[in-house]
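The values are calculated or read from the model by the stated rules, or taken from the named source; none is laboratory data. None of these values were measured; they are calculated from a predicted model. Neighbour counts run over all protein chains shown; Cβ positions are idealised from the backbone, glycine included. These accessible areas exclude ligands, DNA and RNA; they are computed on the full protein's heavy atoms, side chains included. Shrake-Rupley method; radii C 1.70, N 1.55, O 1.52, S 1.80 Å.
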Amino acid sequence: MTPVKQISVFVENKHGKLSSVARYLADGGVSIRAMCMADTTDFGIFRLLVSDYEKAEKVLKAAGITCSVTEVLVVEIEDTPGAFADAMAVLADNHISLEYAYAFLTPTIGKAYIIIRVEDNIGAAKILTDNGIKIVSQEEIV
Amino acid sequence: MFFQKDIETMPRKQLEELQLERLKWTVDYCYKNVPFYTKKLDEAGVTADKIKSLEDIRYIPPTTKADLRDNYPFGLFAKPMKEIVRIHASSGTTGKPTVVGYTKHDLDIWSDCMARICTAAGATSDDIVQISFGYGMFTGALGLHYGLEKIGATVIPNSSGNTEKALMYMRDFGTTALVATPSYALYMCETAKSLEYPMSDYKLKLGLFGSEGCTPEMRTQIENGWGLFATDNYGMSELMGPGVSGECRERNGLHFNEDFFLPEIVDSETLEAKPEGEYGELLVTTLTKEGIPLLRYRTRDITKLTYEPCKCGRTHARMEKVQGRSDDMLKIRGVNIFPSQIESVLISIDQVSPHYQLVVRREGFADTLEVQVELVDSSLLDSYGKIQQLQKDIGRKIQTVLGIQCKISIVEHGTIERFVGKAKRVVDLRKENK
Ligand SMILES: [Zn+2]
């Protein structure tokens, strides 16, 4: 139940910014496993799970892009109706609030991964595993 | 340390007698050699004989930057080109540049002025000084260059531009003093820290900064970043270049070279003299200049003067750091605002860089001010809430200082332009709608 490292990139809502971030990563040989982009009226935060977060951070910083590495939980659920609702119910019942969440599918093994950001990663991970929900490790992302 | 002690510590009475004598000479010289002034002085009914005391300067009509531009290029020169040995020009943001010419005598005085200021700041013949002003038509680089050579310092005419190469010279040549704009000195420091060399490879101990304003907070950042002692000097190409005034080690105002430049502080709207110690626009009359003498030149800079003797022993008047420019002053919803006020707020906030841009717009009938700042603290990226909180905090602090609300935009680090010369911080879009 180890938290996974996520890269966050500050982006102004400007043309071509996302593509340039993606291009720097590609040129550095880093693959994007999951991403989410949300914005307010004048700036956004681009969040990514990547194959090699250390390299991604290095490549982006060298390009002068403001970014940081934060820890998130990756929760594995069945790719079936109701599975997501059940996982969220566990968090809600234990009064764990989400700062944000996003998801991606793994078609090969028929599972869905939900990336969640909570105040207390270790506490939330314990509650989820106690309820039979699997937490994915960094190694499994790569 | 003094370069010309007897003049720099001259009793005020004696200094004022010298000023009066030179003022009369300048009025007469302008009248006889510059048709623009002949006409202007005739219209005002002023002749050198009418100037009986320094206060009588108020009868002389002021000269503006527009007068220089209207007489482009050499219309205000008082000497034939045969006697002019150097030309400089300041880039005009609007229209033609303003052009100035120097006789051999003017250049001698200029380097004396600079030598005095550099010595007062603590520079000596032991210093290795790197000049990071752009050489060329701009007066900054050559002004400092000749002054520093005059005191025997080793000058590296590095100019502006390639920052990494400039830093290499600094490390390899053991540069002890830096001539730059404050914002470029700060940028160089940021760059130095991003390179693989430790800061202990740099030997800087003195900064001779000028050409743009510097808030106390920015100065502290530069001093802490480089571990140097920062001094300010002041001037403008119309008057000569840098060398009009500069700080001594007391750093309690910039000593005017009063035997060459006569300062006045006036109300920028009525042009009435302000009492000593009150803020107003600085007017300067050149007292010995031959190439392009100027009477009561409107600098547009807002400052104040004190004639109290300084602890350093100099008797020449001290001007306070320029608070802003009467034409940079933004009037937003009836409130007077100087960009330097906003800068002093930003520099106290660690999460953003000190580089900023102001955008003024007219929306409907109301003026709005947008302050763009760069995010440097990447730990805030974890949540929108933290960035929005930062926006709110900055907005509240600026409102406390300015008394008006403004919009704070957080932009990516490195996207606001770094200026090597005078920083252009304000984009006023209201003018486009007129
Ligand atoms: Zn002094």
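Report the relative contact order of chain A, percent, no decimals, based on alpha-carbon pairs under 8 angstrom and at least 6 residues apart.
Numbers: 255 pairs, mean separation 42.6, N = 142.
Worked out over chain A, it gives 30 percent.
Could you tell me whether segment B:330-433 comes out rounded, prolate or oblate from its Cα gyration tensor? Rule is a ≥ b ≥ c as square roots of the eigenvalues, rounded for a/c under 1.5, then prolate if a/b exceeds b/c, otherwise oblate. List each step's numbers first, then the result.
On the way: a/c = 1.78, a/b = 1.40, b/c = 1.27.
Because a/c hits 1.5 or more and a/b exceeds b/c, segment B:330-433 counts as prolate.
Out of all DSSP beta bridges with both ends in chain B, state the antiparallel percent to the nearest 5. Intermediate values should be presented prior to the final figure.
Numbers: 41 of 64 bridges.
Counting DSSP beta bridges with both partners in chain B, the antiparallel share is about 65 percent.
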### Query
Ignoring ligands, DNA and RNA, what percent of the accessible area of the protein assembly as shown is carbon or sulfur (1.4 Å)?
52
### Query
Can you list the GluC sites (Glu not before Pro) in segment A:1-70 that are in a DSSP coil and have 16 or fewer other beta carbons within 10 angstrom?
none
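Quick check: convex hull over the Cα atoms of segment B:1-326, volume per residue in Å³, rounded to an integer? Mind showing how you got there, number by number?
Details: hull volume 41.6 nm³, N = 326.
Given the Cα convex hull of segment B:1-326, per-residue volume reads 128 Å³.
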### Message
Can you say what percent of the DSSP beta bridges in the protein assembly as shown, counting only those with both residues inside, are antiparallel? Round to 5.
### Response
75
### Summary
So for segment B:68-184, using the alpha carbon gyration tensor with a ≥ b ≥ c as root eigenvalues (a/c under 1.5 gives rounded; past that, a/b versus b/c decides prolate or oblate), I'd call it oblate
### Task
Above 18 angstrom, tally the Cα pairs of chain A and express them as a % of all pairs, no decimals.
56
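Taking loop as defined by DSSP and a crowding limit of 15 other beta carbons within 10 Å, which GluC sites (Glu not before Pro) in segment B:179-253 fit?
Values: sites: B:GLU190, B:GLU196, B:GLU212, B:GLU217, B:GLU223, B:GLU238, B:GLU247, B:GLU250; in loops: B:GLU196, B:GLU212, B:GLU238, B:GLU250.
When the GluC sites (Glu not before Pro) of segment B:179-253 are filtered for loop state and at most 15 Cβ neighbours within 10 Å, B:GLU196, B:GLU250 remain.
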### Message
Taking the 0 to 90 degree range and rounding to the nearest ten, how far is the long axis of helix B:35-44 tilted relative to the main principal axis of chain B, both from C-alpha atoms?
### Response
80
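Give the B-A buried accessible area in Å², both sides summed, 1.4 Å probe, nearest 100. If you can, show how the numbers build up before the last one.
On the way: alone 19340 and 7830 Å², together 25530 Å².
Summing both chains' loss of accessible area gives about 1600 Å².
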### Message
Can you sort B:MET137, B:MET10, B:MET218, B:MET199 by solvent-accessible area, 1.4 Å probe, largest first?
### Response
B:MET137, B:MET199, B:MET10, B:MET218
### Message
Given R₀ = 30 Å, what would the calculated FRET efficiency be for A:LEU105 paired with B:GLN389, taking r from the Cβ atoms and rounding to 0.05?
### Response
0.30
### Task
Work out the charge dipole of the protein assembly as shown with +1 on the Cβ of Lys and Arg and -1 on the Cβ of Asp and Glu about the Cα centre, then indicate which of A:ASN121, B:TYR187, B:PRO35 is farthest towards its positive end.
B:PRO35
### Query
Picking from B:THR47, B:THR231, B:THR103, which is most flexible by a Gaussian network model of chain B using Cα springs under 10 Å?
B:THR47
#### Entry: Set of lysines with alpha-carbon distance to B:LYS331 below 18 Å, sequence-local pairs under 8 removed
B:LYS407, B:LYS424, B:LYS431, B:LYS434
### Query
At what distance in nm do the modelled label points of B:SER200 and B:LYS13 sit from each other, each positioned 7 Å from its Cα along Cα→Cβ?
5.7
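How much accessible area per residue does chain B have, counting only protein heavy atoms and a probe of 1.4 Å, in square angstrom? Could the numbers behind the result be given before it?
Values: 18470 Å² over 434 residues.
Spelled out: the 1.4 Å probe surface of chain B, per residue, equals 43 Å².
So which chymotrypsin sites (Phe, Trp or Tyr not before Pro) in segment B:291-372 pass both tests, a DSSP loop state and at most 11 other Cβ atoms within 10 Å of the Cβ? Can you show the working numbers first?
Details: sites: B:TYR297, B:TYR307, B:TYR356, B:PHE365; in loops: B:TYR307, B:PHE365.
Here the chymotrypsin sites (Phe, Trp or Tyr not before Pro) that fit, given the DSSP loop and packing criteria, are B:PHE365.
For segment B:171-306, what does the alpha-carbon gyration tensor say about shape, rounded, prolate or oblate, given a ≥ b ≥ c as the root eigenvalues, a/c under 1.5 as rounded, and a/b over b/c as prolate? The partial results should precede the final answer.
Numbers: a/c = 2.82, a/b = 2.15, b/c = 1.31.
In terms of gyration-tensor shape, prolate.
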#### Entry: Rg to Rh quotient for the protein assembly as shown, alpha carbon positions, Kirkwood Rh
1.10
### Task
With an 8 Å cut-off on Cα pairs and a minimum separation of 6 or more residues, tell me the relative contact order of segment B:330-433 in percent.
33
## Note on the structure
For segment A:72-135, dividing by residue count, accessible area per residue (probe 1.4 Å) in Å² works out to 53
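Suppose every K and R has +1 on its Cβ and every D and E has -1 on its Cβ; what is the size of the dipole of the protein assembly as shown about the Cα centre, in Debye to the nearest 20? It would help to have the intermediate numbers written out before the result.
Values: 68 positive and 79 negative charges, 301 e Å.
Dipole of the protein assembly as shown, to the nearest 20 debye: 1440 debye.
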### Summary
Over the protein assembly as shown, the sum of -39500 (n - 2.57) across DSSP H runs of at least four, divided by residue number and rounded to 500 deg cm²/dmol, gives at 222 nm -9500 deg cm²/dmol
### Query
Just the accessible area for B:LEU195, please: 1.4 Å probe, Å², rounded to the nearest 10?
30
### Task
Enumerate the calculated ³J(HN,Hα) couplings along segment B:269-281 in order (Karplus 6.51 cos²θ - 1.76 cosθ + 1.60, θ = phi - 60°), each rounded to whole Hz, writing x wherever the residue is Gly or Pro.
9, 8, 6, 6, 4, 9, x, 3, x, 9, 6, x, 7
### Task
Tell me which residues come under 5 Å, amide H to amide H, from B:MET10 once H is placed; ignore anything under 5 positions away on its chain.
B:THR315
### Task
Normalising by the residue count of chain B, find the relative contact order in percent from Cα pairs under 8 Å and 6+ residues apart.
14
### Query
Helix A:53-62 versus the longest principal axis of chain A: what angle, 0 to 90°, nearest 10, using Cα atoms?
30
### Query
Which ³J(HN,Hα) values, rounded to whole Hz and listed in residue order, are derived for segment B:283-297 from phi using the Karplus coefficients 6.51, -1.76 and 1.60 in 6.51 cos²θ - 1.76 cosθ + 1.60 with θ = phi - 60°, glycine and proline given as x?
10, 10, 10, 6, 10, 9, 5, 9, x, 9, x, 10, 9, 6, 6
### Summary
Under the 7 Å Cα-to-Cβ spin-label approximation, B:ASP126 and A:ALA83 lie apart by a distance in nanometres of 7.5
### Summary
GNM of chain B, Cα pairs under 10 angstrom: of B:GLU374, B:GLU21, B:GLU276, the biggest fluctuation goes to B:GLU276
### Task
Report, in degrees rounded to the nearest 10, the 0 to 90 angle that the Cα long axis of helix B:104-121 makes with the longest principal axis of chain B.
50
